[in-house]
Amino acid sequence: MADNSKEATKNIQAIIRSILSDTEELLKTSNETNQISKDQKNAVNTVSEAMKELEDPWENIQFDSGRNPIH
């Protein structure tokens with residue numbers, strides 16, 4: 001019975017080590033995913049601002065009846 005208890009303890013320790021390892025890997029992956037998400041959000045904001053800057057000059061251009069820009 002003592003051998004069974006010793007073996008069970010070793011199995012439990014192995015399971016705990018595996019869970020800790022998996023948890024560390026999950027945390028690492030989660031952090032990487034969060035960083036990618038932040039980077040993508042910043043990229044979208046940058047593109048959005050650039051598009052706004054491109055739109056503004058076109059709003060001030062006046063066109064004649066033939067849809068030609070008036071200088």
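Bear in mind that the values in this text are calculations on the coordinates, not laboratory data. In this text, all values refer to a predicted model and were calculated from it rather than measured experimentally.
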Query raised in the report: What's the tally of Lys pairs in the chain whose alpha-carbon atoms lie under 28 angstrom apart, where the two lysines are 8 or more places apart or on different chains?
Result: 5
Query raised in the report: Out of these labelled values of log10 I(q)/I(0) by the Debye sum over Cα atoms at q = 0.11 Å⁻¹, [x] -0.27; [y] -0.61; [z] -0.56, which was calculated from the coordinates shown here?
Result: [y]
Query raised in the report: For helix 2-59, what angle does its Cα long axis make with the longest principal axis of the chain, in degrees from 0 to 90 and rounded to 10?
Result: 0
